[in-house]
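The values are calculated or read from the model by the stated rules, or taken from the named source; none is laboratory data. The model shown is predicted, which means the values in this text are computed figures rather than measured ones. Positions of Cβ are backbone-derived with ideal geometry, glycine not excepted, and every protein chain shown enters the neighbour counts.
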Amino acid sequence: MTNALLFSNSTNHGGTYLGHALDVLEEHYAGVGEVLFAPWALADHDGYMERVAPAFRAVGTTVRGLHTVTDPSAAIRDAGGLYVGGGNTFRLASALHRHGLVDTIRHAVVDGGLRYGGASAGTVVAAPTMRTTNDMPIAEPPSFRTIGLVPFQINPHYLDADPTSTHAGETREQRLAEFLEQNDVAVVGLREGTWLRLRSRGDGEGSVSATIGGAAVSAGTRGPAVLLERGRPVREVHGDVSELLELTPQYDRAVSIAAG
């Protein structure tokens, strides 16, 4: 019973927090009176709560900060909804491991019906590892392993290369290509303004659907997301992408380069 809503970003340019996605947020947390909020990706936990709370009030839900409870694991096991905010993925992953929540969250979502929501770093940690984050390693988690609600990696805030730019640094596509040289794992790149949603089908078989929605806000983009896979061209993806849930990730499988 997996239900998750994974935003690329929480705020579009000029907009309010989750203002571009209040309709899907309301649908996702329908019937959940209180959502637990994990603020650990930012340093100011109380300030983060104040920033997030209005969006949830707008959809008829209250939020309670996990940093205010004595036993976060117990709170998650008893909760109907969880939202993991964005910020720095290394800091967030460190906190999730420190509080022993990586496995707790996965089991609560998959087996207990907890509705998971995340944005940016909160979306990255829904993958099996945090290896496709865009963030600087300001903290050192004990492991890159994360919650693993999907069998592929996610790269939020995906940026297309600007053909007119004179910047000589690596593009996002090039950096993810380096990841694929070391790991045979698909990567979904979510452009700004978009999200990936997982929903249980309700067929009694425990099957889950995956859809990509939202509208990319960057000029010149062709859709909400791209898919990067080893040995294949980058391709646009949108709508139903449930076939990605059948993939088997293989980490630390470096490409062998023959000596020239």
Response to the item:
All conditions in (1) part of a helix (DSSP H, G or I); (2) farther than 22 Å from Ile147 by Cβ; (3) not basic (Lys, Arg) are true of Phe56 except (2)
Worksheet, complete the sentence: Exactly one of Arg175, Arg201 is at pLDDT below 95, basic (Lys, Arg) and exposed (fewer than 15 other Cβ atoms within 10 Å of the Cβ), and that residue is Arg201
Fill in: Candidates Leu25, Leu6, Leu66, filtered to the one that is in contact with a Ser or Thr (Cβ under 8 Å, 6 or more places away or on another chain), of a type outside the set (Phe, Trp, Tyr), within 23 Å of Ala127 (Cα to Cα) and crowded, with 21+ Cβ neighbours inside 10 Å
Leu6
Worksheet entry | So Ala93, is it in contact with a helix residue (DSSP H, G or I) (Cβ under 9 Å, 6 or more places away or on another chain) and either modelled with pLDDT under 95 or outside any helix (DSSP H, G or I) (or both) | no
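Listed here are the residues, each with its yes/no results for (1) in contact with a Pro (Cβ under 9 Å, 6 or more places away or on another chain); (2) not β-branched (Val, Ile, Thr).
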{"site": "Ile105", "(1), (2)": "no, no"}
{"site": "Thr129", "(1), (2)": "yes, no"}
{"site": "Arg172", "(1), (2)": "no, yes"}
{"site": "Val187", "(1), (2)": "no, no"}
Discussion item. Quick check on the range 37-53: of everything there that is of a type in the set (A, V, I, L, M) and in a helix (DSSP H, G or I), which residue is nearest to the chain's Cα centre (by Cα)?
Written reply: Val52
Worksheet item: Is there any pair linking a residue in the range 242-253 that is among the basic types (Lys, Arg) to one that is surrounded by 10 or more Cβ atoms within 10 Å (Cβ to Cβ), with Cβ under 8 Å and at least six apart or on different chains, and which?
Response: Arg253/Gln182; Arg253/Asn183; Arg253/Asp184
Discussion item. Surrounded by 19 or more Cβ atoms within 10 Å (Cβ to Cβ) and within 21 Å of the chain's Cα centre (by Cα): is that true of Leu159 in this structure?
Written reply: no
Practice prompt. Might you check whether a residue that is farther than 21 Å from Thr211 by Cα and surrounded by fewer than 24 Cβ atoms within 10 Å (Cβ to Cβ) occurs anywhere in the range 116-128?
Written response: no
Worksheet item: Looking at the range 29-38, is at least one residue of a type in the set (Ser, Thr, Tyr) and without any contact (Cβ under 8 Å) to a residue 60 or more places away in the chain?
Response: no
Worksheet item: From Tyr17, Tyr83, which residue is of a type in the set (Ser, Thr, Tyr), free of Cβ contacts under 8 Å to residues at least 60 places away in the same chain and part of a loop (DSSP other than H, G, I, E, B)?
Response: Tyr17
Worksheet, complete the sentence: In the range 96-118, anything in a loop (DSSP other than H, G, I, E, B) and in contact with a Lys or Arg (Cβ under 9 Å, 6 or more places away or on another chain) is listed as Gly112, Leu114
Practice prompt. Only residues that are surrounded by 17 or more Cβ atoms within 10 Å (Cβ to Cβ) and either under 25 Å from Thr89 (Cβ atoms) or small (Gly, Ala, Ser) (or both): list them for the range 28-41, please.
Written response: His28, Tyr29, Val35, Leu36, Phe37, Ala38, Pro39, Trp40, Ala41
